[in-house]
1. Using the structure shown, decide if residue B:14 is acidic (Asp, Glu), under 30 Å from residue A:387 (Cα atoms) and more than 7 Å from chain A (Cβ to nearest Cβ).
2. Which residue pairs have Cβ atoms closer than 6 Å, lie 6 or more positions apart in sequence or on different chains, and pair a first residue in the stretch A:217-232 that is closer than 21 Å to residue A:122 by Cβ with a second residue that is charged (D, E, K, R)?
3. Name every residue in the stretch A:354-368 that is farther than 16 Å from residue B:41 by Cα and more than 7 Å from every other protein chain (Cβ to nearest Cβ), in order of residue number.
4. Which condition does residue B:100 not pass, out of (1) surrounded by 11 or more Cβ atoms within 10 Å (Cβ to Cβ); (2) facing chain A (nearest Cβ under 7 Å), if it passes all the others?
5. Can you tell me which of (1) touching a Cys at 6+ places or on another chain (Cβ under 7 Å); (2) more than 14 Å from chain B (Cβ to nearest Cβ) is the one residue A:216 doesn't meet?
6. Restricting to the stretch B:56-97, what's the tally of residues that are assigned to a helix (DSSP H, G or I) and either among the charged types (D, E, K, R) or at the interface with another protein chain (Cβ under 8 Å from one of its Cβ atoms) (or both)?
7. Considering every residue within the stretch A:370-379, establish whether at least one is surrounded by fewer than 20 Cβ atoms within 10 Å (Cβ to Cβ), modelled with pLDDT of 95 or more and either in contact with a helix residue (DSSP H, G or I) (Cβ under 9 Å, 6 or more places away or on another chain) or more than 10 Å from chain B (Cβ to nearest Cβ) (or both).
8. Taking the stretch A:320-331 only, how many residues are surrounded by fewer than 22 Cβ atoms within 10 Å (Cβ to Cβ) and at the interface with chain B (Cβ under 7 Å from one of its Cβ atoms)?
Amino acid sequence: MTELNQLTIEQACVGLRQKEFSSAELVSACLKKIKQVDDELKSFISVFPEHALAAAKKIDQAIAKGDELGPLAGVPYAAKDNFCTKGLKTTAASKILENYLPPYESTTTERLAKAGAVLIGKTNLDEFAMGSSTENSAFFTTKNPHDYSRVAGGTSGGSAAAVAADEVVYALGTDTGGSVRQPAGFCGVVGLKPTYGRTSRAGVIAMASSLDTISHLTKTVADAALVLQALAGRDDHDSTSSNLALDDYSAAMKKSVKGLKVGLPKEYFEVEGMDPEVKKVILSAVKKIEELTETPAVPINLMAPDYALACYYLIMPAEASANLARYDGIKYGLSLVGNDLLDSYLKTRGQGFGPEVKRRIVLGTFALSHGYYDAYYKKACQARALIKKDFAKAFSEVEIILSPVAPTVAFKIGEKSQDPLSLYLADIFTVPMSLAGVPSLSVPCGLVRDLPVGLQMVGKWFDEKTILRLGHHYEQSRK
Amino acid sequence: MEILLMFLDSKQIDHLAKLARLALSQKEKELYAGQLAAVLEYFKKLQALDTVGLEPMSQVIELKNIFRVDEIKDCSPDTQKKILENAPGRTGQHLKVQKIL
């Protein structure tokens, strides 16, 4: 029998409305699962049982009274611990924010609350969302539910593991260079990174502001469409959020995929370090998609993804080094008092930040420093313009681009932690889309040595509906 | 402009760490010097791209002239209290900081 915590959003919404079970029961089932597995799995930094049950009971009362319900009413979710939640601890998995209580709420969690969603806890991540495995969390490493000796991916590894292990129905993440798509791929769940500007960044702890994209992880593509509908849209608190009209994602998703033109960039299959078994699984998924669309996939050319990776690892640390300047030990967070103000800054930041964060701050400071700015940062921003053009050209030929999410399956905990460059390579297929700002969906497409493989579907700017449509039809065909 | 291959020694790391207001141990400096040199070596790839005359792109969706009314909005006393409670050092309604001059 299916336990309540194993339900999808769609199933939970039906069950709640038909009064088969209550929101309090659904939330309790998730809390029970968390209690059972999370001591070892370590998806969560904080769990809020009282807060969640109180919110669930409110929804149950509304259901009993026959009130109009929000689209996600009564369904529990988890937020990555870099979403500010008013009065609830928000750490970014950093010692520098270990006890931070935000005085305000992020737009995203506020929109979910309006839709009736119930926040159950906050999930683990790489410190300040810097990493690819959650091994950079200042607190602990999240394990992969499919194999506890392996990473869940990162940086939204806690969210991916929580959804994959049925600790929660869905979860929020942030995707700056692949931080939702890659852990979704590693854990075998669906991850959607919308177009940059489709969702609001307000109230989410900033890493690289021109890349950070509010994203989510779900058990099905249909659920991804439901959450997007609740999150998307212009927000006055984020001037980079777009006011373009939204689509009806759930309706658009069901339309036929016949005749849909997908492209296959050969550069994304010839990368050094690519696991041949992963490639095989991806190519058989492409075959399946050709059957669904009744149209052969078109070979296309994209710039080799290693250019994007080089570009990304300049732009991201540069923006992060500026964003993280705000942690000075004065307004909030860890504060270590030294001999004078400068000494206090040095101590607070030197001890408050972990190794990867300091490494990126140093790298970013270098890229922006006098004498190197033109050769590094400016060159990377010019390369970024080329990458965007390259995608625009590809999208003049096809509607969707298919690629692997990552070159390998989930790697062993500790395997790459001493070699930052090899860890950065885990993002090679996801950073180009982040630089271009295009929407991308990670969909489970098979197993290699019993570990999940993710297929990436990339769409045109603001065309989330088409990747959701293909994702949904592909997912249905695998049942 | 050509990308120079930088060899970062621990003295240069020291300088950057000061600019970024980070106290690093000697061990950290040496470790980062080696690791960052490997990352900078990877950046040499970008040299192969012809970017002459290209406008550097800092944001992707090309929104322009996003304005809002410049108005003062009230902050509730409760929010004010919560903001102040987060400050490590304070005196009454003020943040306490070390002497600057």
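1. Details: acidic (Asp, Glu): yes; under 30 Å from residue A:387 (Cα atoms): no; more than 7 Å from chain A (Cβ to nearest Cβ): yes.
No, not satisfied.
2. Sorted first by the residue in the stretch A:217-232, then by its partner, the pairs are A:230/A:111; A:231/A:111.
3. A:354, A:355, A:356, A:357, A:368
4. Status for residue B:100: all satisfied but (1).
5. Result: residue A:216 fails condition (1) only.
6. Initially, the stretch B:56-97 is screened for residues assigned to a helix (DSSP H, G or I), giving B:77-85.
Keeping just the survivors that are either among the charged types (D, E, K, R) or at the interface with another protein chain (Cβ under 8 Å from one of its Cβ atoms) (or both) gives B:78-79, B:81-83, B:85.
Matching residues across the stretch B:56-97 total 6.
7. no
8. Going through the stretch A:320-331 one residue at a time, the tally reaches 2.
The values are calculated or read from the model by the stated rules, or taken from the named source; none is laboratory data. Small disclaimer: the values here were computed from a predicted structure and weren't measured. FYI the Cβ positions are ideal-geometry reconstructions off the backbone, even for glycines, and counts take in every protein chain you see.
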